[in-house]
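For reference, the structure discussed in these notes is given below.
The values are calculated or read from the model by the stated rules, or taken from the named source; none is laboratory data. Note that the structure is predicted; figures quoted are calculated from it, not measured. Please note: Cβ atoms are built from the backbone with ideal geometry, for glycine as well, and neighbour counts cover all protein chains shown. Surface areas here come from the heavy atoms of the whole protein model, side chains and all, with no ligands, DNA or RNA. Shrake-Rupley method; radii C 1.70, N 1.55, O 1.52, S 1.80 Å.
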Amino acid sequence: MPKQKIAASSVKESAATKKVEKKSAKAVGRLLGLKDYVGNDFLSWDLAMTKAWELARIFGFSPLRTPIIEDFSLYKKSTRKNSEKEFYFVDFERGEKAVLRPELTQGMIRSYLENKMEELPQPIRLFSVGPVFRQEKMASGRYRESNQFDLEIIGEKKPMAEAVLINSAYRFFKELQINVQVQINSLGDMETRKEYNNKLASFYKERGRRSKLCNHCKKNLLKSPLSLLDCREDSCVKIREGAPQIADYLSAASREHFGKVLEYLDELNIPYNFNSYLVRGLSYYNDTVFEFWPVADDGVANGKLALAGGGRCDSLVESLGGKSTHCVGLAIGLERAMMKLKEKNSFAVYPDEEELIYVAQIGEQAKTKALLLFEDLRSSGFNVRQSFSVDSLRSQIEEAGRLKAKITLVLGKKEVMDETILMRDMESGVQEIVAQKKIKEKLNKKIIRKVGVIYG
Ligand code: AMP
């Protein structure tokens, strides 16, 4: 019977709906080691990103964007032999062994070569910002997708290249009010590295030492004794205290080069620590290597979560098919910078969120002047508003009130003649006359600028 039929099918339907409801209740989570940038996270990250762009341009680096997927052979020579498991391999159409890039440097050098930048006047300064992927063990401040800000100076042999890079990164942290100390070392030229590696291997192989090493270092002892110096395990830190020092093996040229880099840092007033255990993981470094470590309130620099790292890699361009070319590179970890910014409650401030200044005018003559003043303030980064089409001062003040302006600047005939401005604090109603040429200085004191960088 039709009635029964209907009833039967509605029972079926509600069972199906229940099934669907059950399915949709099971939410899909984020993959391990990845991060969402929600609310203030995004604003801190954006602040770091904006500062990076600003400084890169000011220091004369040209922007470069390279693909996130690259041919694996790009990394083969510069990667520690046992670190292949850190890569994310991608099933790419051409059937080549492709990976998600674990850092930006190699892609930037590939692009330098592929776009024939070798033929341009050297040095070439490049910067790139973007995500990198490493299959890391889970730990705080260690993500599988993170963002790097990478600066490269290609074709510059002189120690000034290191000074420029370190200075750029130092200004980045300083202007974001993140306290850092540069850890710096010289690995010497490739010959020195080889000789020193052998010396280290003999040191670590001596009876009583090898057995006390952590498992990771035991494995690395033959492949890269140098990397053992960088181990942060307590037992390995203790053993390395008696290890031979690379400084004793540097050639005269390397010694002079390194001395000059340190001299520049002294002149630039950049705090650094000569750290003979700093070797950095990758095999492509020679001579100068450095890292930026955060400095805690007690003044102690902590290397567990370095904020940036880099060094000279004079063999890299050639190893990727170019001619022998000097190169210095540096990468800042934006998530690590972001963590520091969040600790300090520093976020990107968009122009609309800054305290507002309203520019009011009375009379034709003042209108033109007010227009110029408005433009000057706007281009200096102040958050300004106006209603130049309105003549009545009262209406303009009301509009300023509606907009919740902190300050209203009034220009009338008298102010134009005297080259002054009437400055009214909208909350207290207090007014004062300020010389036009002093107005920005005055506003900078009155207006709370939440952080040093304004996005816009
Ligand atoms: P590296 O060249 O490996 O020293 O990386 C450069 C910078 O990127 C480091 O100093 C860190 O600030 C940052 N970094 C490296 N690995 C990670 C990671 N897994 N998660 C977040 N930041 C990272």
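When both the stretch 31-90 and the stretch 215-246 are represented by their alpha-carbon centers, they are found 28 Å apart. Where Lys and Arg each count +1 and Asp and Glu each count -1, what net charge lies around SER111 among other residues with Cβ under 13 Å from its Cβ? Net of charged neighbours comes to -2. A Stokes-Einstein calculation at 25 °C with viscosity 0.890 mPa s, built on the Kirkwood radius of the stretch 216-309 over Cα pairs, returns a diffusion coefficient of 163 µm²/s.
Label positions at GLU206 and GLN177, each projected 7 Å from the Cα along the C-beta direction, are separated by 5.0 nm.
Note on LYS97 and ILE447: the model spin-label points, each 7 Å out from Cα along the C-beta direction, lie 5.6 nm apart.
Full extension of the segment from LYS414 to LYS77, taken as 0.36 nm per residue of separation minus the current Cα-Cα distance, would add 114.0 nm. Cα-based radius of gyration for the chain, normalised by 2.2 N^0.38 Å, reads 1.31. Placing pseudo-labels 7 Å out from each Cα toward the beta carbon at HIS216 and PHE388 gives an inter-label distance of 6.2 nm. Accessible surface of the chain, 1.4 Å probe: 52 percent of it comes from carbon and sulfur atoms. When the surface is traced with a 1.4 Å probe over the full set of protein chains, TRP53 keeps roughly 100 Å² accessible. For ARG378, neighbours were defined as the other residues whose beta-carbon sits under 12 Å from its Cβ, and their charges (Lys and Arg +1, Asp and Glu -1) total -1.
Against the criterion of solvent-accessible heavy-atom surface with a 1.4 angstrom probe, MET417, MET138, MET108, MET117 sort, most first, into MET417, MET138, MET117, MET108. Here is the short version for the chain: CYS214, CYS217, CYS313, CYS327 have no other Cys C-beta closer than 4.7 Å. Once the Cβ-Cβ distance between GLU195 and ASN302 is put in as r, and R0 is 25 Å, what FRET efficiency do you end up with, to the nearest 0.05? Given R0 = 25 Å and the Cβ-Cβ separation, E is 0.20. For the chain, the per residue solvent-accessible surface stands at 55 Å², with DNA, RNA and ligands left out and a 1.4 Å probe.
Taking all protein chains together and a 1.4 Å probe, the residues ASP297, ASP418, ASP425 rank ASP297, ASP418, ASP425 from largest to smallest accessible area. Projecting the Cα atoms of ALA308, PHE172, GLY155 onto the dipole axis of the chain, where Lys and Arg carry +1 and Asp and Glu carry -1 at the beta carbon, places ALA308 farthest toward the positive end. With contributions of -39500 (n - 2.57) from each DSSP H run of at least four residues, the per-residue ellipticity at 222 nm computed over the chain stands at -12000 deg cm²/dmol.
Cross-link check: pairs LYS342/LYS440; LYS51/LYS158; LYS369/LYS414; LYS212/LYS304; LYS85/LYS304; LYS51/LYS116 evaluated at a Cα-Cα cut-off of 19 Å; pairs beyond the cut-off: LYS342/LYS440; LYS51/LYS158; LYS212/LYS304; LYS85/LYS304; LYS51/LYS116. For VAL430, the solvent-accessible surface computed with a 1.4 Å probe is close to 90 Å², ligands and nucleic acids excluded.
Note on the stretch 339-418: Kirkwood radius taken over Cα pairs, Stokes-Einstein applied at 4 °C and 1.567 mPa s, translational D equal to 94 µm² s⁻¹. So what is the diffusion coefficient of the stretch 40-81 in µm² per second by Stokes-Einstein at 20 °C and 1.002 mPa s, using a Kirkwood Rh over Cα pairs? Approximately 162 µm²/s, per Stokes-Einstein.
Among the listed pairs LYS137/LYS218; LYS223/LYS340; LYS35/LYS219; LYS76/LYS199; LYS413/LYS437, a Cα-Cα separation exceeding 24 Å is found for LYS223/LYS340; LYS35/LYS219; LYS76/LYS199.
Shown here is the pair-distance distribution of the stretch 158-298: with all Cα-Cα distances grouped in 5 Å bins from zero up to the longest one, the shares run 2, 10, 19, 20, 17, 14, 11, 6, 2, 0 percent. Summed over all non-identical Cα pairs, the Kirkwood treatment of the stretch 95-216 gives a radius of 18.5 Å.
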